[in-house]
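Undergrad: What follows is a structure written as structure tokens; I'll ask about it next.
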Amino acid sequence: MLIVSKDCKGLGLGKRILNEARRIAESCGRSGVFFYTDTDCNFGFYDHMGAEKVSTDDTICAGEELTVYGYRWIFRNAP
């Protein structure tokens, strides 16, 4: 689970985290990743990074309704 505190948003930490995840995935021979997020995130950020929303699911977590989104991020220019 990767979370950037609301106090730290806009400092480039999310991009650094995703780029590090990409580096690790590519070092393991992967050309993309699949990840989940929820309604509290900034979806434009994932779109900007090149991820594609591929699923939506409504669920209950800790007694609260939550919408969860699945994203596929295929790396461009992957080895």
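Undergrad: If I compute solvent accessible area with a 1.4 Å probe over the protein chains, what percent of it on the chain is carbon and sulfur?
TA: Looking at the chain in its full context, I get 50 percent from C and S.
Undergrad: Could you grab the relative contact order for the chain? Cα pairs under 8 Å, six or more apart, rounded to a whole percent.
TA: Answer for the chain is 31 percent.
Undergrad: Kirkwood Rh and Cα-based Rg: tell me the resulting Rg over Rh for the range 1-70, rounded to two decimals.
TA: 0.99
Undergrad: Still on this model: Given R₀ = 25 Å, what would the calculated FRET efficiency be for Lys15 paired with Glu65, taking r from the Cβ atoms and rounding to 0.05?
TA: According to the calculation, E is roughly 0.25.
Undergrad: Trypsin sites (Lys or Arg not before Pro) within the range 38-79: which are DSSP loop residues with at most 13 other Cβ atoms inside 10 Å? Working shown, then result.
TA: Working: sites: Lys53, Arg72, Arg76; in loops: Arg76.
Answer by residue number: Arg76.
Undergrad: Still on this structure: Roughly how big is the chain's charge dipole about its Cα centre, with Cβ charges of +1 (Lys, Arg) and -1 (Asp, Glu), in debye to the nearest 20?
TA: For this selection, approximately 600 debye.
The values are calculated or read from the model by the stated rules, or taken from the named source; none is laboratory data. Computed from a predicted model, the values in this text were never measured in an experiment. A quick note on method: Cβ atoms are made from the backbone with ideal geometry, for glycine too, and the neighbour counts reach across all protein chains shown. Surface accessibility is based on the protein's heavy atoms, side chains included, excluding ligands, DNA and RNA. Shrake-Rupley method; radii C 1.70, N 1.55, O 1.52, S 1.80 Å.
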